[in-house]
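Single-structure report; data block below.
Quick note: the coordinates plus some simple rules give every number you see, no bench work behind them. Nothing here was measured: the structure is a model prediction, and the numbers come from that model. Note: ideal-geometry Cβ built from the backbone for every residue, glycine included; neighbour counts use all protein chains shown.
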Amino acid sequence: MHRFHYINGQLHCEEVPVREIVRKAGTPLYLYSYNTLLDHYRQIEKAFSPVKALICYAMKANGNLAVLRTLAKAGAGFDVVSGGELRKALQAGANPRKIVYASVGKKTGEIEAAVKAGILFFNVESEQELEQINAVCARLKRRQQVSLRLNPNVDPHTHAFITTGHKASKFGMDLKTVRRLLASHRKYPWLILGGLHVHIGSQILEARPFREAIRKALGVVAFARRKGIPMNTLNIGGGLGIIYNKEEPQTPADYAQAVLPLLKRSRVKVILEPGRYIAGNSGILLTRVLYLKESHGHRFAIVDAGMNDLIRPSLYGAYHRIQPVLQPKQGGKTIATDVVGPVCESGDFLGKNRKLPPLKAGDLLAVMSAGAYGYVMSSNYNARPRPAEVMVRGRQWKIIRRRETFQDLTRGETLPAFLR
Ligand code: LLP
């Protein structure tokens, strides 16, 4: 459920006509619904309330400060993956005691900053990283909780680029390594091995692979406890899938129902790291049709947003619904159209072979479900300034990131003296 809907034939975000926003803020434009973000967060919080789970929003999905602040105020924690995300989360008002930090490549400075900030857990991805965190903590004389990240070797049946929990993936450690590290926990006197972490991938539609991963993880928790380690937390990662097109994903309630019995039995504190579920359907990308053309029997709508603005279709072949901002007539004629951007790459498209009403230059299109892994993955490729971002709450709306300017494009560049 989200709050982008037609009223009198015009697409609205919450109570504001999208056209009104575009008139002032231009295109391409990312538009987020405050209340959808909150709804989705609360659905997960409610589903897992029987174990009072800590929901650490995976801010890699959408890291705008206003989005972070919305969730921080609702009580969310944050899953961060870099020193930059840590700083942004803190700037947005995150409680450091609700921050978990995952990444296969944490740099020493990043580890130091996180220890000093007093984060809840590092999710540790290798033995060398564990040693490094221990060394930093020794230097700072700070004790720190860590979770070992188990690679449980399960197949979540999702896109190859977003599966993380099978054997060939760079993420986490195999069972043998995790057990060995737990058995040698005394080598890390500054660390409390209080948690275990599993995250098997993203856009997962069914509970089965989650259950399988959790079952394996709980076996490790039991092993740790037998070794005298007071392991009391299981972080079950993110990965809940959403509806982009015709998917029928499990709801948070279905997911909870499938895994809560396992979790309750083992009396662990539960952490979740959902990103896409919270942000995905809370945002859309608005774009304007520049030109139409036919070529070799193909109809193209060339729009002002491209792969640099939303890379998911090009990178993963991901499907995003595309709909006109002015609702087409019921039963009206549609034409199979490729919606493509201005970037000089054949892979630059937002949607192929879409049934759209006859479009004309100037029409506005909404690319749906673009709130997660949209703006955060945008770039300046082809020297294209990045879009603006707007948040709507009820009748109010505000630009929460200004559109980049041409000055922004050369910010940080210098001409060396030998070229003057
Ligand atoms: N926790 C960890 C350790 C992760 O690696 C991820 C996502 C999440 C949580 C959040 O997963 P989510 O709930 O959003 O599925 N750019 C890709 C998705 C990459 C996901 C990376 N890790 C896409 O656009 O589909």
- Message: If the only charges are +1 at each Lys and Arg Cβ and -1 at each Asp and Glu Cβ, what is the size of the charge dipole of segment 1-150 around the Cα centre, to the nearest 20 debye?
- Response: 440
- Query: In whole angstrom, and with the biggest value first, how far do the Cα coordinates of the chain range along each principal axis?
  - Reply: 69, 62, 43
- Of the cross-linked pairs Lys246/Lys352; Lys333/Lys360; Lys52/Lys88, which ones have a Cα-Cα span greater than 21 Å in the structure shown? Lys52/Lys88
- Among Ser103, Asn281, Val376, flag the residue with its Cα farthest along the positive direction of the charge dipole of the chain, charges on Cβ as +1 for Lys/Arg and -1 for Asp/Glu. Ser103
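Stretched out fully, how many nm does the piece from Ala222 to Lys355 gain, at 0.36 nm a residue minus the Cα gap? Could you put the intermediate results ahead of the total?
Values: separation 133, 0.36 × 133 = 47.88 nm, distance 5.36 nm.
42.5 nm is the gain from fully extending Ala222 to Lys355.
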- Message: If I take every Cα pair under 8 Å that is 6 or more residues apart in the chain, average their sequence separation and divide by the length, what percent do I get for the relative contact order?
- Response: 19
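About the Cα centre of segment 34-276, how large is the charge dipole given +1 on each Lys and Arg Cβ and -1 on each Asp and Glu Cβ? Please answer in debye to the nearest 20.
Approximately 1060 debye in magnitude.
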- Just the Cα atoms of segment 4-155, one point each, no solvent: what log10 I(q)/I(0) does Debye give at q = 0.09, 0.11, 0.17, 0.22 Å⁻¹? -0.39, -0.55, -1.00, -1.33
- How would you rank 344-352, 401-409, 228-236, highest first, on the average number of other Cβ atoms within 10 Å across their residues? 228-236, 344-352, 401-409
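Any chance you could run the full-extension gain for Ala253 through Cys344? It's 0.36 nm times the residue separation minus the Cα-Cα distance, nm to one decimal.
28.4 nm
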- Would you mind putting 273-280, 34-41 in packing order, based on average other-beta-carbon counts within 10 Å, highest first? 273-280, 34-41
- Item | Farthest toward positive dipole pole in segment 50-145 [+1 Lys/Arg, -1 Asp/Glu at C-beta], among Asn64, Ala138, Val80 | Asn64
- Message: What's the whole-number percent of alpha carbon pairs in segment 34-276 lying beyond 30 angstrom?
- Response: 20
- Message: Need the full-extension length gain, Gln396 to Lys176, defined as separation in residues times 0.36 nm minus the C-alpha distance. One decimal, nm.
- Response: 73.8 nm
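With +1 on each Lys and Arg Cβ and -1 on each Asp and Glu Cβ, how big is the dipole of the chain about its Cα centre, in debye rounded to the nearest 20?
1280
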- Set Lys and Arg Cβ to +1 and Asp and Glu Cβ to -1, take the dipole of the chain about its Cα centre, and tell me which of Ile322, Val154, Asn232 lies farthest positive. Asn232
